[in-house]
């Protein structure tokens, strides 16, 4: 007996692990060997390729492709129509399945709608990737990046608010009231 929900149009291959409370919606395809945590939500027309790992409480919006080599920690948000890649130099006539690069998305990170994540990089915990951005290099924890190619323009709190640091390097999230310290171009929650 399964303890997750899958819409009748979803395709779930044999050999997947899907956590309790997860919801899988219309026309989504979960491929062999993928692991999806508890309480995840996978929207319409999502593809989860073999060996992808999604942590708990990951939200995947409509039309997202998550290719082999991608791991997402708990509480990651993947916006509508964003996409991961897994080969740096793809060619139709050349098989490069042994060249898939690993991409890791840290806990609580947000990737905006229509963003593209080039393979082989790490996105830090609670990073925020703006809509339409093309990420070509590592993103620090708590960093806010936008554009093509994506460039860091600030820092974000764990609640998704832009942080404004005072002269002593301290910022307060306006929603949670949690404090953050900026030191040596890194942010940490105090």
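Kindly indicate whether residue 69 is surrounded by 17 or more Cβ atoms within 10 Å (Cβ to Cβ), on the phi < 0 side of the Ramachandran plot and touching a residue at least 40 places away in the same chain (Cβ under 8 Å).
no
I need the full set of residues from the stretch 154-184 which are surrounded by 13 or more Cβ atoms within 10 Å (Cβ to Cβ), in contact (Cβ under 8 Å) with a residue 12 or more places away in the chain and part of a strand (DSSP E or B), in order please.
155, 156, 162, 170, 171, 180, 181, 182
Any idea which of (1) outside any loop (DSSP other than H, G, I, E, B); (2) surrounded by 20 or more Cβ atoms within 10 Å (Cβ to Cβ) is the one residue 141 doesn't satisfy?
Going through (1) outside any loop (DSSP other than H, G, I, E, B); (2) surrounded by 20 or more Cβ atoms within 10 Å (Cβ to Cβ) one by one, residue 141 breaks only (1).
Report every pair of residues separated by at least 6 positions or lying on different chains whose Cβ atoms are under 8 Å apart, first residue within the stretch 1-21 and in the same structural domain as residue 37 (by TED's automatic domain parsing), second loosely packed, with under 11 Cβ neighbours inside 10 Å.
18/2; 20/3; 21/3
What number of residues in the stretch 72-91 are crowded, with 20+ Cβ neighbours inside 10 Å and not in a loop (DSSP other than H, G, I, E, B)?
Matching residues across the stretch 72-91 total 4.
Only one of 46, 58, 83, 87 is touching a helix residue (DSSP H, G or I) at 6+ places or on another chain (Cβ under 8 Å), closer than 18 Å to residue 105 by Cα and touching a residue at least 12 places away in the same chain (Cβ under 8 Å); which?
Step by step, each of 46, 58, 83, 87 is checked, and only 87 is touching a helix residue (DSSP H, G or I) at 6+ places or on another chain (Cβ under 8 Å), closer than 18 Å to residue 105 by Cα and touching a residue at least 12 places away in the same chain (Cβ under 8 Å).
The values are calculated or read from the model by the stated rules, or taken from the named source; none is laboratory data. A quick note: this is a predicted structure, and the numbers were derived from the prediction, not measured. For neighbour counting, all protein chains shown are included, and Cβ atoms are generated from backbone atoms with ideal geometry for every residue, glycine included.
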